[in-house]
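Here the structure is laid out as structure tokens; the discussion comes afterwards.
The values are calculated or read from the model by the stated rules, or taken from the named source; none is laboratory data. As the structure is a computational prediction, the values presented were derived from the model and not from experiment. Glycine gets a Cβ as well: all are built from the backbone with ideal geometry, and neighbour counts include every protein chain shown.
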Amino acid sequence: MPPNGVVPSELEMASLQPLLNGILKLPPAKPSQIPRPAAANLCSNRLLIIDDDPDLGRLVKDAAQRVGYEVFVTKNPSAFMEKARTWQPTVIMLDLGMPGTDGVQLLRGLGEHSCVAEVILISGADDKVLGSAIQLGRARGLKMGGVIQRPIQLETLSNFLIRCQAAKILLSEDLANAITADQLFLEYQLKLDCHVARMTGVEALVRWRHPVLGVIQPDQFIPLAEENELIHRLTDWVVMTAATQMAAWQVDNPALGIAVNISAKNVQDLTLPDRLHKFCRTAGIDCASITLELTETGAMREALQMMDVLTRLRLKGFKLSIDDFGTGFSSLVQLQKMPFSEVKIDRSFVIHMMNDESCMIIVEILIDLASKLGLKSVAEGVEDEAALHSLISMGCDVAQGYHLSRPLAADRIPAFIAEYQLIRGVTKAPKAHFPSPFTNARAWRRRKTATRPHTPLSALA
């Protein structure tokens, strides 16, 4: 039983649904459709808290126990780290401004021990400091769940705890059956070759059609798959499905390529290259048609083991992309040593680059870095024509984003490609110039390329 001895009633579980709708972006469900968790499930929710304020510790402990958590509170960093290793908490609340050993040091320790709990920061710090702390946590492989600002509001705290608890209750038990029950499906987002203005690739995006909750996005279930060692089965299914679909498309679009996301845990598996090669052979496609995308943070863990697997994947013909580049804290020496063929610039820079000079400069530098290292540059998060022209001006190789294509079902891809080429009426695109709104960024770019007048994309030929 939960610590307070109460299992939520059907009415109480129905009250969770608005929260889940906001998190999972799902249509409302009837109370009878909402799974009612068993007591055993609720007991698996463990909250570990470190804070030097005993009153706050008592407040959080009481609120957490009321919604079914086991709770351990401490202000001792050594006791905290010991519990994090041995108690297997599902949620950690961490005071960023702890005296002595601060929150950043604790995040480092959690990362070194591969903690899988969702980490929530407690702080009154400004947004920039909090943003940096969250980036640090993610770069160390932690699942950063957000921030609760001081002074803590009880309702906000309860909502955080219910969200962490309910999502796992409703999803983890069903995930193991999702693959065999044919509940997974792929959507595809098209990618534009900036040099020839043609759609030459797609990225495969996995979705879960849950029988009760509807369509669930990957950021809600991929972490669960990694925690429950289901990620290998999931990745195998995605690659097999994508390879089979690619074989069908290549009848009419032989140059089309496909990108598939893989997990850092996949790349720790020495059998991965042989399995993926077998899937391609069975589907009748060349391994070079597939680009495997690995996040920057994941790519820099267990470097020796990963280099073994990544090198064998390259030898078999697969292309390798380092995803979300620019958001981690990787060494450029490691980037140069790893056998990547592509750098994918994180969308957070691309989306804001037309209004933020620092983002514009970062994008330009990363494109230039990729070019000098002999790697293809891909920019994701292209949401308007101005950003697209600016990327073309900077020499970016491939663009991807909602301005070009939203994720589509497989049967819509051929018609979309044909319609796009018909509307654009282009077969080749020189690098157009789109002026930067920032003097410094424009001056920096002039050192590399001469200024040319703006050319509408539809007129490129």
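Summary of computed values
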{"item": "Residue match in region 401-414 (condition: under 30 Å from LEU304 (Cα atoms), in the same structural domain as LEU186 (by TED's automatic domain parsing) and not in a helix (DSSP H, G or I))", "result": "no"}
{"item": "Inter-residue pairs, beta-carbon under 8 Å, first in the same structural domain as VAL119 (by TED's automatic domain parsing) and in region 93-105, second of a type in the set (Ser, Thr, Tyr), 6+ apart", "result": "ASP95/SER123; LEU96/SER123; GLY97/SER123; GLY103/SER123"}
{"item": "Residue tally, condition of a type outside the set (Val, Ile, Thr), assigned to a loop (DSSP other than H, G, I, E, B) and modelled with pLDDT of 50 or more, over region 24-69", "result": "7"}
{"item": "Residues satisfying the stated conditions in region 168-207, i.e. among the charged types (D, E, K, R) and at pLDDT below 85", "result": "LYS168, GLU173, ASP174"}
{"item": "All positions within region 71-116 that are part of a helix (DSSP H, G or I) and polar (S, T, N, Q)", "result": "SER78, THR86, GLN105"}
{"item": "Strands (runs of 3 or more DSSP E) enclosed by region 283-365 - at least 2 residues per element that are farther than 17 Å from GLN135 by Cβ, modelled with pLDDT under 90 and not charged (D, E, K, R)", "result": "none"}
{"item": "Count of region 78-89 residues which are of a type in the set (Gly, Ala, Ser) and under 28 Å from the mean Cα position of the chain (by Cα)", "result": "1"}
{"item": "Count of region 269-282 residues which are surrounded by fewer than 13 Cβ atoms within 10 Å (Cβ to Cβ), outside any helix (DSSP H, G or I) and in contact (Cβ under 8 Å) with a residue 24 or more places away in the chain", "result": "1"}
{"item": "Residue within region 353-368 that is within 18 Å of the chain's Cα centre (by Cα), in the same structural domain as ILE322 (by TED's automatic domain parsing) and crowded, with 22+ Cβ neighbours inside 10 Å present", "result": "no"}
{"item": "Selection count, region 208-228, where residues are closer than 20 Å to LEU294 by Cβ and either modelled with pLDDT of 80 or more or surrounded by 15 or more Cβ atoms within 10 Å (Cβ to Cβ) (or both)", "result": "9"}
{"item": "Among the candidates ALA204, ALA242, residue that is in contact with a helix residue (DSSP H, G or I) (Cβ under 8 Å, 6 or more places away or on another chain), surrounded by 16 or more Cβ atoms within 10 Å (Cβ to Cβ), farther than 29 Å from ILE92 by Cα and assigned by TED's automatic domain parsing to the domain that holds LEU292", "result": "ALA204"}
{"item": "Residue within region 252-268 that is over 26 Å from VAL398 (Cα atoms), in contact with a strand residue (DSSP E or B) (Cβ under 7 Å, 6 or more places away or on another chain) and not hydroxyl-bearing (Ser, Thr, Tyr) present", "result": "no"}
{"item": "Top-ranked residue in region 137-160 [being out of contact with any strand residue (DSSP E or B) (no Cβ under 9 Å at 6 or more places or on another chain) and of a type outside the set (Lys, Arg); ranked as surrounded by the fewest Cβ atoms within 10 Å (Cβ to Cβ)]", "result": "PRO151"}
{"item": "Number of positions in region 212-221 that are at positive phi and in a loop (DSSP other than H, G, I, E, B)", "result": "0"}
{"item": "Where LEU130 falls short, out of the listed (1) at pLDDT 75 or above; (2) surrounded by fewer than 17 Cβ atoms within 10 Å (Cβ to Cβ); (3) part of a helix (DSSP H, G or I)", "result": "(2)"}
{"item": "Test result for LEU110, free of Cβ contacts under 8 Å to residues at least 60 places away in the same chain and among the aliphatic types (A, V, I, L, M)", "result": "yes"}
{"item": "Contacts under 7 angstrom Cβ, first residue in region 379-408 being charged (D, E, K, R), partner assigned to a loop (DSSP other than H, G, I, E, B) and surrounded by 16 or more Cβ atoms within 10 Å (Cβ to Cβ), 6 or more apart", "result": "GLU380/GLY401; GLU383/GLY401; GLU383/HIS403; ASP384/HIS403; GLU385/HIS403; ASP397/CYS194; ASP397/HIS195"}
{"item": "GLU187 touching a residue at least 40 places away in the same chain (Cβ under 8 Å), among the acidic types (Asp, Glu) and either in contact with a helix residue (DSSP H, G or I) (Cβ under 7 Å, 6 or more places away or on another chain) or not assigned by TED's automatic domain parsing to the domain that holds ILE92 (or both)", "result": "yes"}
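This table checks each residue for (1) farther than 20 Å from GLY57 by Cα; (2) under 18 Å from the mean Cα position of the chain (by Cα); (3) modelled with pLDDT of 80 or more.
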position	(1), (2), (3)
ASN76	no, no, yes
VAL91	no, no, yes
LEU94	no, no, yes
SER114	yes, yes, no
ASP126	yes, no, no
ILE134	yes, yes, yes
LEU142	yes, yes, yes
ILE162	no, no, no
ALA166	yes, no, no
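For every residue, the table says whether it meets (1) small (Gly, Ala, Ser); (2) assigned to a loop (DSSP other than H, G, I, E, B); (3) touching a residue at least 24 places away in the same chain (Cβ under 8 Å); (4) farther than 30 Å from GLU419 by Cβ.
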site: VAL202; (1), (2), (3), (4): no, no, yes, no
site: ARG207; (1), (2), (3), (4): no, no, no, no
site: PRO223; (1), (2), (3), (4): no, no, yes, yes
site: VAL238; (1), (2), (3), (4): no, no, yes, no
site: MET246; (1), (2), (3), (4): no, no, yes, no
site: ASN253; (1), (2), (3), (4): no, yes, yes, no
site: VAL267; (1), (2), (3), (4): no, no, yes, yes
